[in-house]
1. What share of Cα pairs, in percent, lie more than 20 angstrom apart in the stretch 369-440?
2. Roughly speaking, what is the stretch gain from Thr393 to Lys57, that is 0.36 nm per residue apart minus the C-alpha to C-alpha distance, in nm to one decimal?
3. Probe radius 1.4 Å, ligands and nucleic acids ignored: give me the carbon and sulfur share of the accessible area of the chain as a rounded percent.
4. Based on the Cβ-Cβ distance of Asn35 and Lys422, what FRET efficiency does E = 1/(1 + (r/R0)^6) give at R0 = 45 Å, to the nearest 0.05?
5. If the reach is capped at under 16 angstrom between alpha carbons, list the aspartates and glutamates near Lys323, excluding any in the same chain fewer than eight residues apart.
6. Pull up the cross-link candidates among the lysines for Lys425, meaning alpha carbon to alpha carbon under 26 Å and not fewer than 8 places away within one chain.
7. Leaving out same-chain residues fewer than 8 places away, which lysines sit with a Cα under 16 Å from that of Lys316?
8. Where does the stretch 106-185 land on the Kirkwood hydrodynamic radius, alpha-carbon pairs, in angstrom?
Amino acid sequence: MNSFNDAWELICSYCQNKITEVAYNTWISRIKPLNLDFDSNTAYLIVPNDFHRQTIKRCYIPLLNEAFEAIFDNKFEIDLKTPEEANIPTPVKQVIEEKSDTNYEYTFDTFIVGPSNKFAHAACLAVATNPSKAYNPLFLHGNSGLGKTHLLYAIGNEIKKNDPDKVICYIKGDDFTNELIESLRLAKMADFRKKYRHADVLLVDDIQFIGGKESTQEEFFHTFNALHEAHKQIVLTSDRPPKEIRTLDDRLRSRFEQDLIADIQPPDFETRIAIIKRKAELLDLDISNEICEYIANKLKSNIRQLEGTVKKLKAKSFLNNEKPTLNSVQEVIADVLNNDVPPEVTVERIIDEVARTYGMTPEDITKQKSKKANVSNARHIAIYITRELTNLTVKEIGNLFGGRHYTTVLYSITKVSEQLEKDRKSKELVDDMIKNIKDR
């Protein structure tokens with residue numbers, strides 16, 4: 001391999017096949033390679049901020065270790081640094097951030113249009129051509145891996161091409177929450193509001209993740225109003241339409257529904273073939289029509305799976321110095337299909353989601369001494385969800401939540417169960433959290 005960047009692409013592909021797309025896009029894809037020191041066997045990586053670093057350390061270091069060993073056949077210590085620590089200036093967020101796949105431009109020209117996405121594509125093109133005057137807001141929804149993020153970036157890139165002075169801000173719903181929490185903690189809300197409310201175009205991916213988070217929804221409501229009243233363009237994506245985000249505030253739901261809602265469906269056979277061939281062309285990979293058709297027949301519902309398969313074939317071809325064969329394709333697809341099984345839910349993931357929902361830190365939920373009502377309620381719910389989604393015993397759950405006695409765990413489970421039976425909103429909130437946890 002020519003550089004650490006080349007190796008990092010292979011490491012990312014390895015990780016992408018081991019975790020859900022939401023988890024990969026939220027946490028792994030935003031890591032950048034810095035330096036690889038073979039003398040000390042240390043890999044230096046750049047993460048956006050300290051919150052991101054702590055999450056990687058809690059949840060994804062074993063996966064990264066596994067990926068490095070698979071690619072290099074050698075173990076590396078992983079050192080995570082923020083841009084400030086690595087003396088890398090943080091750019092002003094006026095342009096769309098680069099995707100990790102540098103061989104692929106997220107533009108309308110590289111988006112394969114078919115019957116399943118024709119309407120959404122036309123709506124996005126109209127918005128990019130005439131910002132704030134065509135559809136505002138534009139709300140895209142569809143299952144993961146169907147091209148929503150591609151279209152979101154295509155809008156930003158097209159607007160920027162036509163008017164370089166436009167301030168374009170891209171953010172994931174989850175990251176909006178994280179940045180809000182960090183800004184509150186550091187008393188930097190003025191900077192936070194300036195960043196989002198002074199944008200000419202706001203692109204929000206996976207907006208469903210703000211559902212149920214009161215402080216986040218309150219802040220986003222005012223951000224939305226400020227931008228809309230100033231005739232600035234807003235584009236949102238979600239895995240479901242606004243009416244199905246049950247924990248979304250009614251006032252936000254009505255705003256999300258006030259203009260155009262467009263859905264994206266899985267691609268048909270011909271579109272899948274076109275996607276495979278385009279990706280192979282971009283990667284300079286020679287694959288036969290037989291292989292294209294085999295992939296298209298096996299993977300029918302997820303564009304990222306199609307592109308990921310081609311990327312993995314490219315990696316195998318690169319490492320083994322041979323053209324893709326039907327046998328090698330079968331091996332890659334078997335890995336993709338096996339990895340499509342949802343990963344085991346971890347307690348850390350549950351605690352992170354509950355903490356974000358209630359605007360607190362994971363430590364608030366797990367520490368023994370805090371008896372504040374809001375913290376206790378969040379802890380009860382985290383314990384209840386842990387019991388619902390894992391096979392841990394009540395004793396093991398108690399140990400993970402600050403060494404609590406098993407009778408305390410049983411009390412929490414009973415208390416939440418009764419609460420959910422009586423309170424529809426509480427049930428919707430917990431159901432949404434469980435869905436978010438499973439989707440990560």
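The values are calculated or read from the model by the stated rules, or taken from the named source; none is laboratory data. Here the structure is a predicted model, which is why all the values come from computation and not from measurement. Here the Cβ positions follow ideal geometry from the backbone for every residue, glycine too, while neighbour counts run over all protein chains shown. Side chains included, ligands, DNA and RNA excluded: accessible areas come from the protein's heavy atoms. Shrake-Rupley method; radii C 1.70, N 1.55, O 1.52, S 1.80 Å.
1. On the way: 711 of 2556 pairs.
Of the Cα pairs, 28 percent sit more than 20 Å apart.
2. Values: separation 336, 0.36 × 336 = 120.96 nm, distance 2.52 nm.
The Thr393-Lys57 span can extend by a further 118.4 nm.
3. The C+S portion of the solvent-accessible surface of the chain is 47 percent.
4. Working from the Cβ atoms, E equals 0.20.
5. Glu281, Asp284, Asp286, Glu290, Glu331
6. Lys172, Lys213, Lys243, Lys371, Lys372, Lys415, Lys435, Lys438
7. Once the sequence-local lysines are set aside, what remains near Lys316 is Lys279.
8. So the Kirkwood estimate lands at 13.9 Å.
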